[in-house]
Amino acid sequence: MSGVIYGPNNNKLSSVIITLNIPQNNLFSISKHDGSFLLDVCNLNDSLKHNPINLTFNLIGYFEKSILLNDLLSDKNLHSIILDPKTIQLSEVIVHTKPIIVNGDTTIFKINSFQNKLDNNLEDVLRKMPGFDVDATGNILFNGKPIENVLIEGDVLTKNYKQISKNIEPGMIDRVEIIDKYNSNSLLKDLSNSNRQVMNLKLKNPKKLKTFGSFKASAGIKDRYSFTGNIFVFNSFIKTMGIASKNNIGESPYNEILGTEEFDQIKDNDFDKSVMPNYITEDKLFTRPSFQMHKILCLIDLKCWF
């Protein structure tokens, strides 16, 4: 039994498996490079006469074709056998990117690979990222080395990066970049032995204007109060921030800006060191101290690129 197997556009198909299914005995053949095949059935006359027999053709990428042989064919040449191509429509294709990419001195983390719906700010996500350590006060370390600052699209908005890490929503961020040997002047990056390490936040939809911030207020007996707040408004072209602080309990308003309690950075003409907390005499019940301080500090920083 012979024939030639074709596909679409009269292409001759090779390596097609031909199977003759008969009781207790199956015969096999494979089509040649020109699509032709030959199957020896000379000793199966009785089986072909008295039993319904199927001749099947199989090839990957094509539908199986089956021919029912009820009688012995006088002409055992089946001539042309045509197979139809088999296509499958995929319901969806999901492309996964690597969650962590190392490019020279920069380590990039895709934040979507680590965040979930329970994360309220950047700190919550960082605690789950490999290599990061965030202590109870919000100080961030990567591979045991402290993060000096948190940048947004390469720009420094504040020296107190906790204002960003504790307030910015993870949904605003596309990826987190850890830049080792950082130098604010890119031209000097390879010329200086900088040991600084910073975190740069790349935004989702960087052209869209985004805002975040926080406000804290507290009050106690004897008319004691403290108010602090900050707000950030930014995209890739405009970045602005505002910080306000007012209290009468002796706290320096510069703590909101510097993120530290080291008063050495405070200028004498900006704040009177004689009213620092170390020199205040008061008990735990907030009795009236020996001074009254009313001071308000506002800082606006605006950067624009056109």
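Number of residues in region 111-136 that are not in a loop (DSSP other than H, G, I, E, B) and not small (Gly, Ala, Ser) equals 10. Filtered by the rule that a residue be in a strand (DSSP E or B), within 19 Å of residue 160 (Cα to Cα) and not polar (S, T, N, Q), region 226-252 gives 227, 229, 231, 232, 233, 234, 239, 241, 242, 243, 244, 246. So residue 204 ticks every box in (1) of a type outside the set (Ser, Thr, Tyr); (2) more than 21 Å from residue 106 (Cα to Cα); (3) out of contact with any Ser or Thr (no Cβ under 6 Å at 6 or more places or on another chain) but one. Which box is left unticked? It is condition (2) that residue 204 fails.
Those residues that are surrounded by 17 or more Cβ atoms within 10 Å (Cβ to Cβ), under 52 Å from the mean Cα position of the chain (by Cα) and not in a loop (DSSP other than H, G, I, E, B), I need them from region 1-18; list them, please. Selection gives 5, 18.
Per-residue answers, yes or no, for (1) small (Gly, Ala, Ser); (2) farther than 10 Å from residue 199 by Cα; (3) crowded, with 17+ Cβ neighbours inside 10 Å:
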{"site": "131", "(1), (2), (3)": "yes, yes, no"}
{"site": "137", "(1), (2), (3)": "no, yes, no"}
{"site": "143", "(1), (2), (3)": "no, yes, no"}
{"site": "147", "(1), (2), (3)": "no, no, yes"}
{"site": "154", "(1), (2), (3)": "yes, no, no"}
{"site": "157", "(1), (2), (3)": "no, yes, yes"}
{"site": "160", "(1), (2), (3)": "no, yes, yes"}
{"site": "171", "(1), (2), (3)": "yes, yes, no"}
{"site": "174", "(1), (2), (3)": "no, yes, no"}
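Close contacts from region 121-137, counting a first residue that is touching a residue at least 12 places away in the same chain (Cβ under 8 Å) and a second that is assigned to a strand (DSSP E or B) and among the aromatic types (Phe, Trp, Tyr), with Cβ to Cβ under 8 Å and a gap of 6+ residues or different chains, come to 126/132; 129/109; 131/142. Output the residue which, of all residues in region 93-129 that are aliphatic (A, V, I, L, M) and closer than 15 Å to residue 174 by Cα, is surrounded by the most Cβ atoms within 10 Å (Cβ to Cβ). So, considering only residues that are aliphatic (A, V, I, L, M) and closer than 15 Å to residue 174 by Cα, the one surrounded by the most Cβ atoms within 10 Å (Cβ to Cβ) is 122.
Could you count how many residues in region 143-163 are part of a loop (DSSP other than H, G, I, E, B), in contact with a strand residue (DSSP E or B) (Cβ under 9 Å, 6 or more places away or on another chain), of a type outside the set (A, V, I, L, M) and touching a residue at least 24 places away in the same chain (Cβ under 8 Å)? Give the derivation first.
Filtering region 143-163 down to residues part of a loop (DSSP other than H, G, I, E, B) leaves 143-144, 147-149, 153-154, 156-161.
Filter once more, keeping what is in contact with a strand residue (DSSP E or B) (Cβ under 9 Å, 6 or more places away or on another chain): 143-144, 147-149, 153-154, 156-158, 160-161.
Then keep just the ones that are of a type outside the set (A, V, I, L, M); that gives 143-144, 148-149, 153-154, 158, 160-161.
Add one more test, that the residue is touching a residue at least 24 places away in the same chain (Cβ under 8 Å), and what stays is 148-149, 153-154, 158, 160-161.
Result for region 143-163: 7.
Here 34, 124 are screened, and the one residue that is assigned by TED's automatic domain parsing to the domain that holds residue 153, under 55 Å from the mean Cα position of the chain (by Cα) and at pLDDT 75 or above is 124.
The values are calculated or read from the model by the stated rules, or taken from the named source; none is laboratory data. Bear in mind the structure is a predicted one, so any value in this text is a computation, not a measurement. Don't worry about glycine lacking a Cβ; one is built from the backbone with ideal geometry, like all the others, and counts go over all protein chains shown.
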